[in-house]
Amino acid sequence: MRSSDHAELPGSPKVIPARTWATAVKAIPALLAENSDGWKGFLDSVRRQRISGWVYNPAEPGVSVAIKIFDNDQLIAWTLANRYRADLKKAGIGTGYYGFDVIFPGGLSPLSKHIIRVVCEQNGFELTHSPAVLESAMVMDNELRGYLVRVIANSDSGEHEAILHFLLGQASRVRRQIAEQSSHRAEQEIVREQIRRTGSELPEAVACGPRVLVIDERYPDIQRDAGSCAIFSHMQALLTLGYEVNFAAAAELSDPGLHRKALESSGITCFYAPLYDSIENILRYQADSFSLIYLHRVSIASCYTGLVRRYQNKARILYSVADLHHIRLERQAQELDEPVFAQQARFMRIQERLAASQADAVITHSMEESRILRKMTSTPVFCVPWAVEAKDRPPAGLEARCGVVFLGHYGHAPNMDAALYLVNEIMPLVHRKRPEITCILAGSDMPEQLAKLAGPGIEPLGHVEDLDSLFQRIRLGIAPLRFGAGIKGKVLEMMGRGYPCIMTPVAAEGLSLPSDLAALVTNDTASLAQLVIDLHDQHVIVNSLAKESLEFIREFFNADKVSGLLEKALTG
């Protein structure tokens, strides 16, 4: 700066990059800056935790030079340059004992700028590359993190509230910045301003597409339950319809796990902690940025419809019924003769009716449930299935196979009851005539009670990572559900693989089955057992039913059909 007015000259301050040890070796032969007495010195490295270099007095090569280190003209260290440096010795500079290396345990504050000067105490000779400038930290690097940790650790109880207030305020600021970026508010404002000024919209490439926020309890896992299959399929359909799809799992914000990566690889943005620590914060920080909110299951709709109305005034609320819980509970009460389930059913019916009434549209997967819902609410109800993958052709060699499989998520009460019913009542009738027919139980969350049923002709496998290898062993599927509600995902999966599936009316509910497949539906225990036996004897019929199962899935559960029906629910 000028001495007359203390104004900084152009190009000041100048940032000098930190030097490495290798730089010193290259710099030594280069005739470094020296004073009139021939003193030489070099500042190798300047960091917040460490400053190192060397200085040499040729007149007294056996005497160590004392140096002073200044930070913003304040003395912060004094030391002797007496450390051995092999690179100096190799370069022919005296004995090589001219190095210094000063460590600052607490480090210099990353929050402020530091001008580091290193001079010799005896005559004020300043080393080459001094002064060096350390700018204040502009990113949350390891040095800044370490500094904040030390500040908090060394604070007393009287400062804790102020520290917490500051940190929470900064966290809120960061969340708002992230929300501003992801919600495209700036781009939307450009579009609105263009329309206001000219009356015409910007090109489509500049305008932002509609955004949807999909909320469920957990991340979808298509190997776990039908609800996961449905919501994943619907998010894929929303992408096809041109939506920017965002997802949040209310119960797993802090533990996204591997399932988040599966969604993100499909083009879906996930919201999770620490950026968002609650669904309310997502809705609040991204206020009025979504055109559609998709609430999956009654528990989610009951919790968040009010918050959606508060923070997302412009959004259409779509309540997706995984299945009508009150129907399942009513049937469970009747089948098991348990009055407590009847009481729960009455309460659940009120919740489901309220959730439907507060939404702008309701979707369900079953025509039967659509009929029931239309009697419960005046809100428009739409039947939207989910896409099921269908194999190209039926499995080969069914006539040579022997075995039946039941697939289910055993944390779901209807599946647990169906498995026990199958093993304890249906399969004993089958084994009286055909003991060689094996019954396999497969699926997630299998309890010990089912695992202990293993025995001749009964294989409780639990979760199976590779379903293809399992299906290569069996001849047909079975779903002997005695109570439940909604479309059964595992039934559709078996049919999509080309396996005929024997079902109870509850398992087949909501499926408009053709006559040949409808013949596999019965509610009688003996009839269910007889169908298992018959389909192990009638090879031609089994192959025909396999083809018809595939055709049924292709016609009613394909991705194009789902997208079309979902679009009607969004606009109807």
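The values are calculated or read from the model by the stated rules, or taken from the named source; none is laboratory data. Model, not experiment: these values are computed from the prediction. Virtual Cβ from ideal backbone geometry, glycine too; neighbours counted across all protein chains shown. Heavy atoms of the whole protein, side chains included, go into the accessibility calculation; ligands, DNA and RNA do not. Shrake-Rupley method; radii C 1.70, N 1.55, O 1.52, S 1.80 Å.
Remarks
- The criterion of at least 2 residues that are more than 22 Å from residue 546 (Cα to Cα), modelled with pLDDT of 90 or more and under 30 Å from the mean Cα position of the chain (by Cα) is met, among helices (runs of 4 or more DSSP H) falling completely within segment 380-454, by 413-421.
- The listed residues are 425, 436, 448, and the only one of them that is acidic (Asp, Glu), farther than 22 Å from residue 321 by Cα, loosely packed, with under 14 Cβ neighbours inside 10 Å and touching a residue at least 12 places away in the same chain (Cβ under 8 Å) turns out to be 436.
- In segment 456-476, the qualifying residues are those that are in a strand (DSSP E or B) and on the phi < 0 side of the Ramachandran plot, and the one that is least open to solvent (accessible area, probe 1.4 Å) is 476.
- Test: residue 491 is open to solvent by less than 20 Å² (accessible area, probe 1.4 Å), in contact (Cβ under 8 Å) with a residue 60 or more places away in the chain and in a helix (DSSP H, G or I): no
- Checking each residue of segment 244-264 against the condition of being free of Cβ contacts under 8 Å to residues at least 12 places away in the same chain and within 16 Å of residue 182 (Cα to Cα) gives at least one match.
- Filtering segment 303-322 to residues that are under 23 Å from the mean Cα position of the chain (by Cα) and part of a strand (DSSP E or B) leaves 317, 318, 319, 320.
- Residues satisfying the stated conditions in segment 38-48, i.e. touching a helix residue (DSSP H, G or I) at 6+ places or on another chain (Cβ under 8 Å) and either assigned to a strand (DSSP E or B) or farther than 17 Å from residue 70 by Cβ (or both): 42, 44, 45
- Scanning segment 287-320 for residues that are under 14 Å from residue 231 (Cβ atoms) and open to solvent by 40 Å² or more (accessible area, probe 1.4 Å) returns 297, 299.
- Among the residues listed as 127, 88, the single one being open to solvent by less than 70 Å² (accessible area, probe 1.4 Å), modelled with pLDDT under 95 and under 18 Å from residue 50 (Cβ atoms): 127
- Among the residues making up segment 300-327, those that are over 18 Å from residue 246 (Cβ atoms) and of a type in the set (D, E, K, R) are 309, 310, 323.
- Every condition in (1) at pLDDT 85 or above; (2) within 24 Å of residue 567 (Cα to Cα); (3) open to solvent by 50 Å² or more (accessible area, probe 1.4 Å) is met by residue 268 except one, and the failing one is (3).
- Residues of segment 195-232 satisfying the condition of being open to solvent by 60 Å² or more (accessible area, probe 1.4 Å) and either farther than 21 Å from residue 259 by Cα or modelled with pLDDT under 75 (or both): 195, 196, 197, 198, 199, 201, 203, 204, 205, 206, 223
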